[in-house]
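Data block below; observations after.
The values are calculated or read from the model by the stated rules, or taken from the named source; none is laboratory data. As the structure is a computational prediction, the values presented were derived from the model and not from experiment. So basically every Cβ, Gly included, is an ideal-geometry build from the backbone, and we count neighbours across all protein chains shown.
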């Protein structure tokens, strides 16, 4: 470990990082490159991963205990969601004096997950970059223009938003209490959409479609769907038997899917009435006295 020498005061915000994984590495590499902040201490329990993170970021001192970290203006906590509360409690225990600003990067959990720090007078916010972090270098290269959902205390948001903007992000705020739905929307838009693509490929394979044709069909349909949804909106882009209200076809097709893959059959039956409602009303949300006419 490097010794923690006093840092010259440049007038820039001092940042500490707790958690040396892909999210923290990506953000702090972008922060370091922006020249808008001073990267100070980086905490991690695995010395090999910690050294790799510091090398990748190109700034900061590796530290393997929270108590050894120096005071900072903003602390980023980029540990797994299940550890945020525990790390916040441990950090609060090691910082009995002097409030600060703490940011976590969970897409689902609100800023109040760090309540032990709030009890010490800290200002809290959550910042969720809407991108994937499979590989830090790829994420760094693609980060410019990334939207970042922010939620929490106004002063914490006011501190971190300019830093994100200097790093190339596009921060936006989420209404208080809306974090769970916000993240669920991202899951529907990305994660579950990927599951649907897998079901489609598996169904084509079961139907005897050659692999190279299946891949081409998937790529063509997915690209045109994304383009149409972006240009026209979901309701106008939607086609198919459920959208038309052709329930005889929907029922027979649902039976065929369920005979092959029961869970996929349930998905088909659940989504078909939503598809019809979306085409008819412009929304998937239920309306009073509605009759979808569905199966």
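Does residue 116 fit the bill of being in contact (Cβ under 8 Å) with a residue 24 or more places away in the chain, over 25 Å from residue 69 (Cβ atoms) and either in contact with a helix residue (DSSP H, G or I) (Cβ under 8 Å, 6 or more places away or on another chain) or part of a loop (DSSP other than H, G, I, E, B) (or both)? Don't jump to the end; show me each part of the working.
Working: in contact (Cβ under 8 Å) with a residue 24 or more places away in the chain: yes; over 25 Å from residue 69 (Cβ atoms): no; either in contact with a helix residue (DSSP H, G or I) (Cβ under 8 Å, 6 or more places away or on another chain) or part of a loop (DSSP other than H, G, I, E, B) (or both): yes.
So residue 116 does not fit the description; no.
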Inset, instruction - Go through the stretch 161-183 residue by residue and tally those that are free of Cβ contacts under 8 Å to residues at least 60 places away in the same chain, surrounded by fewer than 14 Cβ atoms within 10 Å (Cβ to Cβ) and part of a helix (DSSP H, G or I). - result: 1
Inset, instruction - Just name the residue that is surrounded by the fewest Cβ atoms within 10 Å (Cβ to Cβ) out of those in the stretch 27-39 that are out of contact with any strand residue (DSSP E or B) (no Cβ under 8 Å at 6 or more places or on another chain) and part of a helix (DSSP H, G or I). - result: 34
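Check 275, 198, 219 and return the single one that is under 30 Å from residue 132 (Cα atoms), under 29 Å from the mean Cα position of the chain (by Cα) and surrounded by 15 or more Cβ atoms within 10 Å (Cβ to Cβ).
Numbers: 198 fails: surrounded by 15 or more Cβ atoms within 10 Å (Cβ to Cβ); 219 fails: surrounded by 15 or more Cβ atoms within 10 Å (Cβ to Cβ).
It is 275.
Here is a yes/no grid of residues against (1) modelled with pLDDT of 95 or more; (2) outside any loop (DSSP other than H, G, I, E, B):
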| position | (1), (2) |
| --- | --- |
| 45 | no, no |
| 49 | no, yes |
| 52 | yes, yes |
| 55 | yes, yes |
| 59 | yes, no |
| 75 | yes, yes |
| 86 | yes, yes |
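Is it the case that residue 20 is touching a helix residue (DSSP H, G or I) at 6+ places or on another chain (Cβ under 6 Å), more than 20 Å from residue 168 (Cβ to Cβ), at pLDDT below 95 and exposed (fewer than 14 other Cβ atoms within 10 Å of the Cβ)? Quick ask: steps written out before the conclusion?
Values: touching a helix residue (DSSP H, G or I) at 6+ places or on another chain (Cβ under 6 Å): yes; more than 20 Å from residue 168 (Cβ to Cβ): yes; at pLDDT below 95: yes; exposed (fewer than 14 other Cβ atoms within 10 Å of the Cβ): no.
Taking the combined requirement at face value, the residue does not satisfy it.
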Legend entry - the stretch 127-160: number of residues that are in a helix (DSSP H, G or I) and under 19 Å from residue 111 (Cα atoms): 7
